[in-house]
Amino acid sequence: MENIILGSHVSYNKNEGLTGSVKETLSYNANTFMFYTGAPQNTFRSKIDEENVKNAQKLMKENNIDIKNVIIHAPYIINLANNKDEEKWKFTVNFLKEEVERAKKFGVNKIVLHPGSHVGLGVEKGLENIANGLNLVLTEEEGPIICLETMAGKGTEVGTDFLQLNQIIKNVKNKKRIMVCIDTCHIYDAGYDVSNFDAVLDDFDEVIGLDKLGCIHLNDDKNQMGSHKDRHANIGFGTIGFENIEKIAYNPRVRKLPLILETPYVSKEKDGTDRSYPPYKFEIEMIRNDKFDKNMLTEIRNYYR
Ligand code: FE
Ligand code: FE
Ligand code: ZN
């Protein structure tokens, strides 16, 4: 199969820094990766070690990982849609500004951001708040691009369809620095039939424009289309299914985009909760070989045990 740009979410911690993230990526035989610059659920961020970043970039070069395909995911507690508390909203805008600066230090060009939840303010107001916030963040002409992620529609999430995302983009002044990240689990949950991915891309192209598609989160789904649940499944073990995932991964219209797996870790025992193992090495192998392995979960447990 052709060489696609395929990787996964990897960990980042202040001790091992970006070099640790690259090493983890290499252990999965991936050629790209996505990371949070700290804990995804909080906004505490440690100082970036420049020496470590240099080493990481060297390691990437040596292993043909193009940093242009590397993604930072902004912490998911960031909610630009909610401005009920003005101070909190300003803090959020500032945090995102700092996140952009951190991305620059890492040399990373794309930041995935959840648009947010309107928490009762209404979709319209939520979308307006997001665009206003982004305009305060994207003040410099050049710099990392923010990719708005398509959301499943849990609770009061906005950005659940291409029209809503386009409404944000329309109101963002710096068009160069705004794109979209399609999450396959999320759009399926939101009601898009990903088994006909070309039709989804046609729709995206008509509403937003395919040149605005910046990356793809490649996940299977634990629930049915339109369920709004946001529960990711391992590749081939969910309702989207292996064949459809393959059709998405190898669709020529997304050939140059990074594909990032955010599938769940596999627990040690079928019902155990004490330890779990990353599925990415195995999922990447299946996708690249175009061959589903129904025993994958057992093999993962044996491999990491
Ligand atoms: Fe996300
Ligand atoms: Fe995602
Ligand atoms: Zn999700």
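If I take R0 = 41 Å and measure r between the Cβ atoms of Lys175 and Glu243 in this structure, what FRET efficiency does the formula 1/(1 + (r/R0)^6) give, to the nearest 0.05? Can you show the working numbers first?
On the way: r = 36 Å, r/R0 = 0.88.
That pair, Lys175 with Glu243, gives E of 0.70.
So if R0 is 25 Å, what FRET efficiency would Ser195 and Lys256 give, r being the distance between their Cβ atoms, rounded to the nearest 0.05?
0.60
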*Neighbourhood net charge (12 Å Cβ-Cβ; Lys/Arg +1, Asp/Glu -1) for Gln224*: 0
*Compute the FRET efficiency between Lys104 and Ser27 as 1/(1 + (r/R0)^6), taking r as their Cβ-Cβ distance and R0 = 22 Å, and round to the nearest 0.05.*
0.20
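Please list Met296, Met179, Met225 from largest to smallest accessible area, probe radius 1.4 Å, with all protein chains kept in place. Intermediate values should be presented prior to the final figure.
Details: Met296 0, Met179 30, Met225 90 Å².
Heavy-atom accessible area, descending, gives Met225, Met179, Met296.
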_Could you report the accessible area of Val123 in Å², rounded to 10, computed with a 1.4 Å probe on the protein chains as they sit in the structure?_
50 Å²
_Alpha-carbon centroids, region 132-187 and region 21-73: separation in whole Å_ = 23 Å
*To the nearest 10 square angstrom, how much accessible area does Leu136 have with a 1.4 angstrom probe?*
80 Å²
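Going down the list Lys54/Lys170; Lys23/Lys176; Lys68/Lys170, which pairs span over 27 Å between their C-alpha atoms? Intermediate results must be reported in sequence, preceding the final value.
Numbers: Lys54/Lys170 37 Å; Lys23/Lys176 32 Å; Lys68/Lys170 25 Å.
Violating the 27 Å Cα-Cα cut-off are Lys54/Lys170; Lys23/Lys176.
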*asked:* So if I restrict to the alpha-carbon atoms in region 133-179, what is the Rg, and what is Dmax, the biggest pairwise distance, in Å?
replied: 11.4, 34
*Could you point to the residue in Ala199, Ile48, Gly159 farthest towards the positive end of the chain's charge dipole, with +1 and -1 charges on the Cβ of Lys/Arg and Asp/Glu respectively?*
Ile48
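With a 1.4 Å probe and all protein chains kept in place, how do Glu16, Glu299 rank by accessible area, largest first? Let's see the in-between values first.
Details: Glu16 110, Glu299 70 Å².
Output order, biggest surface exposure first: Glu16, Glu299.
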*Please calculate the 1.4 Å probe accessible area of Lys170, with all protein chains present, and give it to the nearest 10 Å².*
130 Å²
_If each residue of separation counts as 0.36 nm, what is the full-extension length gain between Tyr265 and Phe292 once their alpha-carbon separation is subtracted?_
7.9 nm
*Taking a 1.4 Å probe, which of Asp211, Asp203 shows the most accessible area, and what order do the others take after it?*
Asp211, Asp203
*Please figure out what share of the DSSP beta bridges in region 6-304 is antiparallel and state it in percent, rounded to the nearest 5.*
15 percent
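The values are calculated or read from the model by the stated rules, or taken from the named source; none is laboratory data. Only a predicted model underlies this, so the values are computations on that prediction, with no experimental measurement involved. With ideal geometry, Cβ positions are generated from the backbone for all residues, glycine too; neighbour counts draw on all protein chains shown. These area figures cover heavy atoms from the full protein model, side chains too; ligands, DNA and RNA do not enter into them. Shrake-Rupley method; radii C 1.70, N 1.55, O 1.52, S 1.80 Å.
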